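Everything on this sheet refers to the single structure shown next.
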Amino acid sequence: MNLKRVAMLVGGLMCVVAMGCGSHVVPGSGNRQPTDPHKVMVYTDQPKKYEDLGKVEVPVGGDVKWDSQGDATAGFDKLRAEAAARGANGILLRKDIPETVLVTAGDRGTFYSVPVRTGTPKVAVAEAIYVIEK
């Protein structure tokens, strides 16, 4: 085998491996049955294979706020409830949502970077997702 063929083979294998390692968003399968909000997991990175069920948003204020220790469990509970109503088993906290800033907020002792749209009121934003493969 000559050097050119070896280089092409190695290059082709690298492309196949690179494509297999990323996330894959699958097309929606229609309306999903609501899920249990207590089983909705928080994801900070895209799962390997998932269905995007749309944005969920929770206004910050009232009972949705950060306490002196940065805990925002009430806000996470509302995000989970909205996602579960769409049939989600996860919420994805993306760092690349336009016109948002990232704030650190806690949920039962675990802290996350949460995208928040500024303005009045401030709004926490996440994606409701149905994870097929972690």
About its Cα centre, the range 25-133 carries a charge dipole, from +1 on Lys and Arg Cβ atoms and -1 on Asp and Glu Cβ atoms, whose size in debye to the nearest 20 is 100 debye
Relative contact order in percent for the range 90-134 (Cα pairs under 8 Å, 6+ apart) equals 41 percent
Using the Kirkwood radius over Cα pairs of the range 25-133, the Stokes-Einstein translational diffusion coefficient at 10 °C and 1.306 mPa s, in µm²/s and rounded to a whole number, is 114 µm²/s
Rounded to the nearest 0.05, FRET efficiency between ILE132 and ARG108 (Cβ-Cβ, R0 25 Å) equals 0.45
Two pseudo-spin positions, 7 Å from Cα along C-beta at THR73 and at THR44, lie apart in nanometres by 2.0 nm
Once the in-chain neighbours fewer than 8 apart are removed, the lysines whose Cα is under 27 Å from LYS95 read LYS39, LYS48, LYS49, LYS55, LYS65, LYS78, LYS122, LYS134
So, with points 7 Å from each Cα along the Cβ direction, the GLN33-LYS95 label distance in nm works out to 3.7 nm
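Each reported figure results from applying straightforward, stated rules to the coordinates on display, with no laboratory input. It should be emphasised that the depicted structure is a prediction, and the values quoted were computed from it without experimental measurement. Positions of Cβ are generated from backbone atoms using ideal geometry, with glycine treated the same way; all protein chains shown enter the neighbour counts.
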